[in-house]
1. Are there any pairs with C-beta distances below 7 angstrom linking a residue in the range 193-216 that is over 24 Å from Pro163 (Cα atoms) to a residue that is part of a helix (DSSP H, G or I) and among the charged types (D, E, K, R), with the two at least 6 apart or on different chains, and if so which?
2. Being under 28 Å from the mean Cα position of the chain (by Cα), away from the ligand (no atom under 13 Å from the Cβ) and aliphatic (A, V, I, L, M) narrows it down to one of Val254, Val295, so name that one.
3. Applying the selection to the range 1-54, what residues are in contact (Cβ under 8 Å) with a residue 40 or more places away in the chain and of a type in the set (S, T, N, Q)?
4. Does Ala210 satisfy being farther than 15 Å from Val298 by Cβ and surrounded by 15 or more Cβ atoms within 10 Å (Cβ to Cβ)?
5. List the residue pairs whose Cβ atoms are under 6 Å apart, where the first residue sits in the range 130-155 and is touching a residue at least 12 places away in the same chain (Cβ under 8 Å), the second is of a type in the set (Val, Ile, Thr), and the two are 6 or more positions apart or on different chains.
6. As an exercise: evaluate Gly91 against (1) assigned to a helix (DSSP H, G or I); (2) closer than 22 Å to Asn36 by Cβ; (3) in contact (Cβ under 8 Å) with a residue 40 or more places away in the chain and give the number of the one condition it does not meet.
7. Looking at (1) open to solvent by 60 Å² or more (accessible area, probe 1.4 Å); (2) among the acidic types (Asp, Glu); (3) near the ligand (Cβ under 7 Å from one of its atoms), which one does Asp300 not meet, given that it meets all the others?
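The values are calculated or read from the model by the stated rules, or taken from the named source; none is laboratory data. Remember, it's a predicted structure, so these values are computed and weren't measured experimentally. Here Cβ is always computed from backbone atoms with ideal geometry, including for glycine, and neighbour counts include all displayed protein chains. Ligands, DNA and RNA are excluded from the accessible area calculation, which covers all protein heavy atoms including side chains. Shrake-Rupley method; radii C 1.70, N 1.55, O 1.52, S 1.80 Å.
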Amino acid sequence: MLNEASAAQLLHLLIGQTKELAVVLVDLDGRIKWWNPGARHIFGMNDDEIRGELVTRLFPAEEIENGLAGHEITVARAHGVAEDDRWMARGDGSRFWASGVMLALRNEKGELVGFGKILRNRTDLREQLDTLKNQVAALDVASQQKDIFLTTLSHELRNPLSPIGYAVQLIRRTADVTPELDSHLAVIERQTDALRRMVNDLVDVARLGAGKVEVRKEPISVNEVIHRSVESIAPIVREKRHQLDVLFPPTPIVVEGDPDRLQQVFVNLLNNAVKYTPEDGRIWVEGTTEGNEAVIDVADTGIGIPNELLPQIFELFTQAHASRKHGDGGLGIGLSLVKDLVTLHGGSVQVRSEGEGKGSEFTVRLPLVRPVTAGA
Ligand code: ADP
């Protein structure tokens, strides 16, 4: 270790030779007594110009006017140090972003003998920060425009669906429906239903993005919700000749929830299970309770999800099999909707898949209203 005298000498050299750090010594009246060559370089003024001047001279005019320039010394006097990142002024009036501190200097007896200001010119950092802020603001605008686009698109897409459905009903009622026409009409109905579900999901995603979706909670039986969800996808299950099993305890599992919204959650999960499982597959829904939670598993023996996509599978527009032709199309919004709706219910959803071709399993957890008691 160096002795104090040698260290002081080296420190003096350091302060004298640095160009990056400005060191300014200020007396008790706030007047500049000395500064190092680094300060001369950074502030662009010579020693005679600055000696004896108030330290506030180093601040931009508007900060002198609003009294903020003197505030630094007041804080340092009261607390020992004032940490400040702020604009400061050069001799020619130009500004730079300074990052530094104003220290209250005390002698061995603890008496205040002056102040020391140390700072660096970090205009580069400030500019980067400003660029980032502008980018974030631009992203915000882009995101708002996307929300507006989604809202407009989904409403425009919804409008033609009702007349199509109505026209099919009319044909059924008025025309001589041969078995062949009937099967064509059934295709239109099934596809219109799928489209309606997709468009409704799109409307909801747009509304969720804008924080406009509310769930009206009431005590409901999950068994009931699953029953209705399974019913609504029965035609496509039949079409793909899947075997669908529902395994629930006989006593209703009751949660606090919005029946329509929860049905939307399970229809989405079941619909995916049907879509992403090759014909003659197996799908099963299991319900149980764990502690204060209802736990509902929707699993299939389908094409599975690649491991690397599992962490982002609930994000909007994520599609693990976009390049693959499964014929049923999709927008990559269903799972994001599932997650948002389950979260609005105070629950959570998780995914598991051993990988491609090994099936998938989605687990929804919802807070129970009352635990299932055997035989109750
Ligand atoms: P979409 O089905 O409209 O593409 P989702 O948000 O419902 O959108 O699903 C996102 C992606 O997750 C799907 O594109 C698919 O790749 C994958 N996925 C969802 N459910 C399953 C499942 N049961 N089996 C295999 N992959 C699935």
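1. Correct list of pairs: Leu208/Asp340; Gly209/Asp147; Ala210/Asp147; Val213/Asp204; Val213/Arg207; Val215/Arg261.
2. Of the residues listed, the single one that is under 28 Å from the mean Cα position of the chain (by Cα), away from the ligand (no atom under 13 Å from the Cβ) and aliphatic (A, V, I, L, M) is Val295.
3. Across the range 1-54, there are no qualifying residues.
4. No, not satisfied.
5. Going by the 6 Å Cβ cut-off, the qualifying pairs are Ser154/Val199; Ser154/Val203.
6. (1)
7. (1)
Yes/no matrix, rows are residues, columns are (1) at pLDDT 95 or above; (2) open to solvent by less than 70 Å² (accessible area, probe 1.4 Å); (3) not in a strand (DSSP E or B):
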| residue | (1), (2), (3) |
| --- | --- |
| Val295 | yes, yes, no |
| Phe317 | no, no, yes |
| Arg324 | no, no, yes |
| Gly329 | no, yes, yes |
| Leu337 | no, yes, yes |
| Val342 | yes, yes, yes |
| Gln350 | yes, no, no |
| Leu366 | yes, yes, no |
